[in-house]
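Data first, discussion second: the structure below is written as structure tokens.
The values are calculated or read from the model by the stated rules, or taken from the named source; none is laboratory data. Computed from a prediction, not measured in an experiment: that's the story for all the values here. With ideal geometry, Cβ positions are generated from the backbone for all residues, glycine too; neighbour counts draw on all protein chains shown.
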Amino acid sequence: MPTLDLQAHGLRSVNAVLQTAAADSVADGDYEIVNPLGSHAIAVGLNGPLSVTVKGSTGYYCAGMNKEADITVEGSVGPGVAENMMSGSVTVTGNASQYAGATAHGGLLDIKGNASSRCGISMKGIDIVVHGNIGHMSAFMAQAGRLVVLGDAGDALGDSLYEARIYVRGTVASLGADCVEKEMRPEHIEELTELLKRADADADPAEFTRYGSARSLYHFDVDNAGAY
């Protein structure tokens, strides 16, 4: 496994090596990054079946715009991890700061700890599994995908939600505009079971509550003006 020392080689050089390897689908497609020291924008823009392990915590926008690569951060991450991810997977063994998985279109974001506010904001197809708690305004304007929370959720969950589905095992401080509790049907149990298995989460799907859009904000109605 090639080891890239971020402090010795610099961020541009390390990202260039990873991006080239991903694009070329090289045989030795397993890389290890050491000494990240909270640096920003590590392992961004990877476009290929690469495996990357970051040995330590990172700053802003780690693994942003990921496509096909499997990235693991052995530590915690700053704001915007896996932003605009298209496919592949991003695993965080620690906690995640604000807007984890923002605007992401696909793939799996697996956060073993807690996630801060606005987790999954404007998500467009990504699957996010948070093993701990999430902060306020999570899944705000979430358009598609699934957000699974094994712990509790903060205020205004799913505000202005579109068609994304939310599963929470713990308590929800409050629901945002147009987000409501929904029936947990067999197909949702099956879907959730598969997501928990992918994230290696030890939890009973029957303990979760499903939330989704009431669909009253899809079209402007003057009677709902105060909710916009």
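Looking at the structure I just gave you, is residue 145 in contact with a Phe, Trp or Tyr (Cβ under 9 Å, 6 or more places away or on another chain) and modelled with pLDDT of 95 or more?
On the way: in contact with a Phe, Trp or Tyr (Cβ under 9 Å, 6 or more places away or on another chain): no; modelled with pLDDT of 95 or more: yes.
Spelling it out, it is not the case that residue 145 is in contact with a Phe, Trp or Tyr (Cβ under 9 Å, 6 or more places away or on another chain) and modelled with pLDDT of 95 or more.
Can you tell me how many residues within region 170-194 are within 28 Å of residue 88 (Cβ to Cβ) and crowded, with 21+ Cβ neighbours inside 10 Å?
Residues flagged as within 28 Å of residue 88 (Cβ to Cβ) and crowded, with 21+ Cβ neighbours inside 10 Å within region 170-194 amount to 1.
Restricting to region 139-189, count the residues that are under 16 Å from the mean Cα position of the chain (by Cα), assigned to a loop (DSSP other than H, G, I, E, B) and among the hydrophobic types (A, V, I, L, M, F, W, C).
The qualifying residues number 6.
Scan region 46-59 residue by residue and report those that are closer than 19 Å to residue 107 by Cα and either under 16 Å from the mean Cα position of the chain (by Cα) or of a type in the set (D, E, K, R) (or both).
Passing the criteria: none in range.
Of the conditions (1) modelled with pLDDT of 95 or more; (2) loosely packed, with under 14 Cβ neighbours inside 10 Å, residue 221 fails just one. Which one is it?
Only one criterion is unmet by residue 221, namely (1).
From the list 204, 200, exactly one residue is modelled with pLDDT of 95 or more and under 18 Å from the mean Cα position of the chain (by Cα). Which is it?
Details: 204 fails: under 18 Å from the mean Cα position of the chain (by Cα).
Answer to the selection: 200.
Looking only at region 39-59, which residues are of a type outside the set (Gly, Ala, Ser), within 17 Å of residue 113 (Cα to Cα) and surrounded by fewer than 20 Cβ atoms within 10 Å (Cβ to Cβ)?
If we filter region 39-59 for residues that are of a type outside the set (Gly, Ala, Ser), which is where we start, we get 40, 42, 44, 46-47, 49-50, 52-55, 58.
After this cut, where a residue has to be within 17 Å of residue 113 (Cα to Cα) as well, the list is 54-55, 58.
Of everything in region 39-59, just one residue is of a type outside the set (Gly, Ala, Ser), within 17 Å of residue 113 (Cα to Cα) and surrounded by fewer than 20 Cβ atoms within 10 Å (Cβ to Cβ), namely 55.
I need a count of the residues in region 7-22 that are more than 16 Å from residue 40 (Cα to Cα) and small (Gly, Ala, Ser).
Final tally of qualifying residues: 2.
What are the residue pairs meeting all of these: first residue in region 178-198, first residue closer than 25 Å to residue 112 by Cβ and touching a residue at least 60 places away in the same chain (Cβ under 8 Å), second residue surrounded by 14 or more Cβ atoms within 10 Å (Cβ to Cβ) and of a type in the set (D, E, K, R), Cβ atoms under 9 Å, and 6 or more apart or on different chains?
Here the result reads 195/127; 195/146; 198/110; 198/127, each pair linking region 178-198 to a residue that is surrounded by 14 or more Cβ atoms within 10 Å (Cβ to Cβ) and of a type in the set (D, E, K, R).
Could you check region 60-101 and list, in sequence order, the residues that are closer than 21 Å to residue 21 by Cα, crowded, with 20+ Cβ neighbours inside 10 Å and among the small types (Gly, Ala, Ser)?
63, 64, 69, 82, 88, 89
Please work out if residue 203 is at negative phi, without any contact (Cβ under 8 Å) to a residue 24 or more places away in the chain and surrounded by fewer than 18 Cβ atoms within 10 Å (Cβ to Cβ). Walk me through it before giving the result.
Details: at negative phi: yes; without any contact (Cβ under 8 Å) to a residue 24 or more places away in the chain: no; surrounded by fewer than 18 Cβ atoms within 10 Å (Cβ to Cβ): yes.
For residue 203, the condition - at negative phi, without any contact (Cβ under 8 Å) to a residue 24 or more places away in the chain and surrounded by fewer than 18 Cβ atoms within 10 Å (Cβ to Cβ) - is not met.
May I ask you to list the residues in region 67-94 that are over 11 Å from the mean Cα position of the chain (by Cα) and in a strand (DSSP E or B)?
67, 70, 71, 72, 73, 77
Name the one entry in 144, 153, 164 that is among the small types (Gly, Ala, Ser), touching a residue at least 12 places away in the same chain (Cβ under 8 Å) and surrounded by fewer than 23 Cβ atoms within 10 Å (Cβ to Cβ). Outline the logic, then answer.
On the way: 153 fails: surrounded by fewer than 23 Cβ atoms within 10 Å (Cβ to Cβ); 164 fails: surrounded by fewer than 23 Cβ atoms within 10 Å (Cβ to Cβ).
Only one candidate passes the filter, namely 144.
Scan region 98-120 for residues that are part of a loop (DSSP other than H, G, I, E, B), of a type outside the set (Gly, Ala, Ser) and at negative phi and jot them down.
Of all residues in region 98-120, those part of a loop (DSSP other than H, G, I, E, B) come to 98-107, 112-114, 116-120.
Applying the additional criterion that residues be of a type outside the set (Gly, Ala, Ser) yields 98-99, 103, 105, 112, 114, 118-119.
Listed by number, the residues that qualify are 98, 105, 112, 114, 119.
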